[in-house]
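The values are calculated or read from the model by the stated rules, or taken from the named source; none is laboratory data. No experiment lies behind these values; they were computed from the predicted model shown. Ideal geometry is used to build each Cβ from the backbone, glycine not excepted, and the neighbour counts take in all protein chains shown.
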Amino acid sequence: MCGRFSQSMTREDYLALLSEEAERDIPYDPKPIGRFNVAPGTKVLLLSERDEQLHLDPVIWGYAPGWWGKPPLINARVETAATSRMFKPLWLHGRAIVFADGWFEWKKDGEGKQPYFIYRTDGQPIFMAAIGSKPFERGDDTEGFLILTTAAGKNLTDIHVRQPLVLSPEAARVWMQQDISGMEAEMIVEDGSVSAEHFTWHAVSRAVGNVKNQGSELIKSVSN
């Protein structure tokens, strides 16, 4: 699953891997985003395509349509999202990307649960596939977005059985294109996901469990 992640670099650090400046309608901002502990229920910078250009909007992380009557969902299984009653419209028309440095998972140990930070071995940003309720630019607190999850790769199952669906930069850019059909999106997932051997992890402070904590120390390695 994915319940927390880090989005701390500058916008350009992420965007430079996806597109040329001419393909974006996103103001330049050299300031680091600086969110080392992004939690559900908060607004997150979500990347999507409109009019063949990339746009970046603050969108609530969570999805609960009016008929749902339960707490908002934050993840959707990629295995069923394309065909489910609840998620199919989002799969067809609301594909987006959440860029990040890495994500957090918790594993039970003798003292409770130990958090781990999982990230690319080469240090590159990750691009998590998301689906949500458009228009993303409306900026209100209604239906937002979910991060797609998939079965964890072989080496990542030591930490958790699920993981966010991470796409290569090339696949992420195509995933957001509005003229891509639902079936084509399924092919992108199959061919463009980043395999588990590209990731590593280390134990981090239990302070990440408190959403009020946001410092860079939260992603630093600690002894467990």
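Taking region 26-37 on its own, how many of its residues are loosely packed, with under 13 Cβ neighbours inside 10 Å and under 15 Å from Pro58 (Cα atoms)?
The total comes to 2.
So which residues in region 192-224 are out of contact with any helix residue (DSSP H, G or I) (no Cβ under 7 Å at 6 or more places or on another chain) and either under 17 Å from Gly112 (Cβ atoms) or assigned to a helix (DSSP H, G or I) (or both)?
Within region 192-224, His198, Ala203, Arg206, Gly209, Asn210, Ser216, Glu217, Ile219, Val222, Ser223, Asn224 meet the criteria.
Output yes when any residue across region 44-67 is over 17 Å from Arg138 (Cα atoms), in contact (Cβ under 8 Å) with a residue 40 or more places away in the chain, surrounded by fewer than 18 Cβ atoms within 10 Å (Cβ to Cβ) and of a type in the set (A, V, I, L, M, F, W, C), and no when none is.
Checked region 44-67: no residue is over 17 Å from Arg138 (Cα atoms), in contact (Cβ under 8 Å) with a residue 40 or more places away in the chain, surrounded by fewer than 18 Cβ atoms within 10 Å (Cβ to Cβ) and of a type in the set (A, V, I, L, M, F, W, C).
Yes or no: Phe87 aromatic (Phe, Trp, Tyr), in contact (Cβ under 8 Å) with a residue 24 or more places away in the chain, in contact with a strand residue (DSSP E or B) (Cβ under 7 Å, 6 or more places away or on another chain) and more than 21 Å from Met183 (Cβ to Cβ)? Show your work before the answer.
Numbers: aromatic (Phe, Trp, Tyr): yes; in contact (Cβ under 8 Å) with a residue 24 or more places away in the chain: yes; in contact with a strand residue (DSSP E or B) (Cβ under 7 Å, 6 or more places away or on another chain): yes; more than 21 Å from Met183 (Cβ to Cβ): no.
Judged against the criteria, Phe87 is not a match.
In the set Pro40, Pro71, Pro32, which member is within 21 Å of Arg162 (Cα to Cα), touching a residue at least 24 places away in the same chain (Cβ under 8 Å) and assigned to a loop (DSSP other than H, G, I, E, B)?
Details: Pro71 fails: touching a residue at least 24 places away in the same chain (Cβ under 8 Å); Pro32 fails: within 21 Å of Arg162 (Cα to Cα).
Unique residue meeting the criteria: Pro40.
This table checks each residue for (1) touching a Gly at 6+ places or on another chain (Cβ under 6 Å); (2) at pLDDT below 95.
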site	(1), (2)
Phe87	no, no
Leu92	yes, no
Arg95	no, no
Val98	no, no
Gly110	no, yes
Lys113	no, yes
Ile118	yes, no
Pro125	no, no
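Kindly evaluate Ile180 against the criterion of being crowded, with 18+ Cβ neighbours inside 10 Å, within 22 Å of Ala76 (Cα to Cα) and out of contact with any Ser or Thr (no Cβ under 8 Å at 6 or more places or on another chain).
Working: crowded, with 18+ Cβ neighbours inside 10 Å: no; within 22 Å of Ala76 (Cα to Cα): yes; out of contact with any Ser or Thr (no Cβ under 8 Å at 6 or more places or on another chain): yes.
It is false that Ile180 is crowded, with 18+ Cβ neighbours inside 10 Å, within 22 Å of Ala76 (Cα to Cα) and out of contact with any Ser or Thr (no Cβ under 8 Å at 6 or more places or on another chain).
Quick one: how many residues across region 56-71 are at pLDDT 95 or above and not aromatic (Phe, Trp, Tyr)?
6
Using the structure shown, decide if Trp91 is within 17 Å of the chain's Cα centre (by Cα), in a helix (DSSP H, G or I) and surrounded by 15 or more Cβ atoms within 10 Å (Cβ to Cβ).
It is true that Trp91 is within 17 Å of the chain's Cα centre (by Cα), in a helix (DSSP H, G or I) and surrounded by 15 or more Cβ atoms within 10 Å (Cβ to Cβ).
Thr80 versus (1) modelled with pLDDT of 95 or more; (2) more than 16 Å from Leu165 (Cα to Cα); (3) surrounded by fewer than 21 Cβ atoms within 10 Å (Cβ to Cβ); (4) of a type outside the set (Gly, Ala, Ser): which is the lone unmet condition?
(2)
Specify the residue that is farthest from Leu218 (Cα to Cα); the eligible residues are those in region 1-25 that are among the aliphatic types (A, V, I, L, M) and surrounded by 15 or more Cβ atoms within 10 Å (Cβ to Cβ).
Once the filter is applied, the top-ranked residue is Leu18.
Given Leu167, Leu156, which one is under 14 Å from the mean Cα position of the chain (by Cα) and buried (at least 18 other Cβ atoms within 10 Å of the Cβ)?
Values: Leu156 fails: under 14 Å from the mean Cα position of the chain (by Cα).
Exactly one of Leu167, Leu156 is under 14 Å from the mean Cα position of the chain (by Cα) and buried (at least 18 other Cβ atoms within 10 Å of the Cβ), namely Leu167.
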